[in-house]
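This report refers to the structure that appears directly beneath it.
Taken together, the values in this text are just the output of simple stated rules run on the coordinates, not laboratory data. From a predicted model like this one, the values you see are computed outputs, not experimental measurements. Glycine gets a Cβ as well: all are built from the backbone with ideal geometry, and neighbour counts include every protein chain shown.
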Amino acid sequence: MKYSAPKGTFDIVSKTLKPENFWKNIKPWKFIENILKKTAEDYGFKEIRTPIFEQMELFIRSVGDSSDIISKEMYLFEDKAQRSLALRPEGTAPAIRAFIENHLQQQGNYHKLYYLGPYFRYDRPQAGRYRQFHQFGVEAIGRGDPLQDVEIIDFCNQIYKNLGIKNLEILINSVGDSLSRERFTKAFLTFLKPHFEHLSHDSKERFYKNPLRILDSKDPKDQEILKECPSILDFLSDNSKNHFNEVCRQLTKINIPYQIKTSLVRGLDYYNETVFEITSNVLGAQNSIGAGGRYNGLIKTLGGPDLPSIGFATGMERILQTMIGQNCYFGEDNAPFVYIIALDNECMDVAFNLLCRLRHSNIASEMTPKARKMQKALQEADDYKAKYVVIIGENELTQSLAQIKDMTTRKATNVSLDSVLAYIQKLSTSSS
Ligand code: HAM
């Protein structure tokens with residue numbers, strides 16, 4: 001029996017054989033994760049970790065049962081006590097559930113959380129779309145003012161900048177408050193009615209269940225009809241209009257380039273007011289690298305205090321694929337500082353002893369797994385990208401010496417075995 005990873009999932013390994021699978025190497029993942037976490041911490045976000053499964057109802061109440069995520073894409077299961085559970089399809093609802101359950105509001109009025117981990121959606125896998133994917137996301141809880149929206153959009157812009165990604169587009173829109181949406185929906189349905197027969201199957205269903213989502217349709221016939229449709233921005237209440245105008249004004253003030261896209265509504269029901277999406281021209285059909293928006297009211301709906309919130313999430317796989325497409329830098333390999341070469345079996349004990357002492361001094365070290373000929377061992381040290389090599393052979397043993405070779409200059413120095421550790425410690429401090 002041959003086993004393989006479930007459809008739509010993949011392994012992340014230390015080294016892939018095929019260059020096109022470079023994005024499944026652990027090195028770029030760690031490089032990106034470190035930058036995302038560092039930038040988040042610099043912006044004042046604190047990490048939160050939640051379970052990968054939750055009560056199914058949590059997602060139905062928050063994401064909305066007419067959304068694709070809930071109606072088609074959730075991984076659902078019952079545990080042995082017949083509890084209905086779901087693998088988390090997104091990170092906002094779990095973060096808010098944890099915020100409420102842990103009474104975080106008692107620790108202050110404003111909270112900025114970030115998370116990174118696997119999420120699950122049962123969809124047709126394709127480039128950039130997986131059944132287990134990884135999101136990095138942030139949620140800012142407690143502020144409803146436009147500057148908070150701008151802080152989040154600026155944060156998105158900054159993480160991509162810090163990763164070296166270029167040419168992204170920030171698309172923003174407002175879906176307003178409930179009054180604005182009610183007014184727009186009425187006008188939108190009136191506009192759509194004469195075209196109903198020509199709408200796609202999905203849009204016909206949405207016409208009754210969640211008309212706003214028709215704006216999201218990728219169907220070419222729907223797109224043609226939608227060209228003439230009214231703009232939601234013309235139906236915003238005064239509050240929503242002022243909020244959105246101020247967000248745009250402040251974004252311009254801090255030089256964040258953006259475009260207003262009036263058809264942007266997003267596929268999750270909890271959004272209101274500002275919504276946004278960041279697209280990458282490298283990604284093809286699945287071009288959304290990150291997305292987010294305001295969700296005032298969600299915390300209350302889930303049983304918590306009535307606090308306004310806004311957040312954003314970005315897909316790790318899409319970041320990676322964009323960075324590869326743009327030839328971005330992924331950092332240096334994590335190489336050992338020292339590679340110890342034992343040239344004879346008799347030297348293995350001494351070499352291993354030195355290896356342990358180096359590691360106990362927190363110096364990244366590796367050694368030949370068995371006695372090796374010089375040429376082959378030096379090749380291995382080069383493959384590891386070691387900075388220094390310690391060579392121990394029969395000659396060195398009889399003289400209680402080790403040869404230390406600088407792999408950049410190729411210069412070799414003899415050092416007494418007793419002082420190798422101190423010698424390397426000195427090299428390591430001066431190189432850091
Ligand atoms: P979302 O738009 O569903 O929003 O997902 C955000 C990002 O996750 C997408 O832009 C994409 O990069 C990535 N993504 C989504 N589905 C997949 C998939 N099947 N395969 C690979 N990548 C995927 C949310 O999840 C919201 N919770 C964002 C948010 C946070 N809103 C407020 N706070």
Inset, instruction - Would you calculate the separation in nanometres between label points at GLU20 and GLU346, each defined as 7 Å from the Cα along the Cα-to-beta-carbon direction? - result: 5.4 nm
Legend entry - ³J(HN,Hα) computed for each position of segment 100-113 - Karplus, 6.51 cos²θ - 1.76 cosθ + 1.60, integer Hz, glycine/proline x: 6, 4, 8, 6, 5, 5, 6, 9, x, 8, 10, 9, 10, 10
Inset, instruction - Give the distance, in whole Å, between the Cα centre of segment 330-405 and the Cα centre of segment 155-173. - result: 44 Å
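Please work out the FRET efficiency for the pair ASP234 and ASN162, using the Cβ-Cβ distance as r and a Förster radius of 45 Å; give the result to the nearest 0.05. If you can, show how the numbers build up before the last one.
Values: r = 37 Å, r/R0 = 0.83.
With R0 = 45 Å, the Cβ-Cβ based efficiency is 0.75.
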Inset, instruction - Take each of the peptides 321-334, 172-185, average the number of other beta-carbon atoms within 10 Å over its residues, and list them starting from the highest. - result: 172-185, 321-334
Legend entry - Dipole of the chain, positive direction: furthest Cα of HIS360, PHE136, GLN148, with charges on the beta-carbon: HIS360
Inset, instruction - Sticking with the crude label model, points 7 Å out along Cα→Cβ, report the distance from MET1 to GLN326 in nm, one decimal please. - result: 4.5 nm
Inset, instruction - Rounded to the nearest 10 degrees, what's the angle between the helix 178-192 long axis and the longest principal axis of the chain, both from Cα atoms, 0 to 90? - result: 70 degrees
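Fewest first, what order do CYS156, CYS356 take by the number of other Cβ atoms within 10 Å? All intermediate terms of the calculation are to be shown ahead of the outcome.
Numbers: CYS156 23, CYS356 12.
So the ranking, lowest neighbour count to highest, is CYS356, CYS156.
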Inset, instruction - Could you state, as a whole-number percent, how many of the C-alpha pairs of segment 1-107 are farther apart than 24 Å? - result: 49 percent
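Using a Förster radius of 35 Å, what is the FRET efficiency between ALA81 and TYR122 based on their Cβ-Cβ separation? Nearest 0.05, please.
Between ALA81 and TYR122 the formula returns 0.90.
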Legend entry - Computed helical MRE - 222 nm, the chain, DSSP H runs ≥ 4 contributing -39500 (n - 2.57), nearest 500: -11000 deg cm²/dmol
Legend entry - Two-site label geometry, GLN106 and ARG359: point separation in nm, points 7 Å out along Cα→Cβ: 4.5 nm
Inset, instruction - Between beta-carbons, use under 10 Å as the cut-off and find the net charge around GLN55, counting Lys and Arg +1, Asp and Glu -1. - result: +1
Legend entry - Fewest-first sequence of HIS195, HIS103 by Cβ atoms within 10 Å of each Cβ: HIS103, HIS195
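Could you work out the relative contact order of segment 15-86, using alpha carbon pairs under 8 angstrom and six or more residues apart, expressed as a whole percent? Before the final figure, lay out the partial values.
On the way: 38 pairs, mean separation 15.3, N = 72.
Over segment 15-86, the number comes to 21 percent.
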Inset, instruction - Could you tally the net charge around GLU41, taking each other residue with its Cβ under 14 Å from the Cβ of GLU41, Lys/Arg +1 and Asp/Glu -1? - result: +1
Inset, instruction - Treating each Cα of segment 64-168 as an identical point scatterer and ignoring solvent, apply the Debye formula and state log10 I(q)/I(0) at q = 0.20 Å⁻¹. - result: -1.23
Inset, instruction - Compute the relative contact order of the chain as a whole-number percentage, counting only Cα pairs closer than 8 Å that sit 6 or more residues apart in sequence. - result: 15 percent
Legend entry - Residue order, fewest to most beta carbons within 10 Å, for THR314, THR9: THR9, THR314
Inset, instruction - Could you work out the equivalent-ellipsoid semi-axes for segment 215-341, taking the square root of 5 times each eigenvalue of the Cα gyration tensor, largest first, in whole Å? - result: 36, 22, 16
Legend entry - Separation of alpha-carbon centers, segment 184-224 and segment 91-153, rounded to whole Å: 29 Å
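Sorted by average packing, counted as other Cβ atoms within 10 angstrom per residue and highest first, what order do 389-395, 92-98 take?
Working: 389-395: 20.7, 92-98: 23.6.
By packing density, highest mean first, the sequence is 92-98, 389-395.
Determine the relative contact order of segment 96-166: mean sequence separation of Cα pairs under 8 Å and six or more apart, normalised by residue count, in whole percent. Show your work: numbers first, answer last.
Numbers: 57 pairs, mean separation 18.5, N = 71.
Once normalised by length, the contact order is 26 percent.
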Inset, instruction - Post the alpha-carbon centroid distance, segment 1-49 to segment 264-291, in whole angstrom. - result: 21 Å
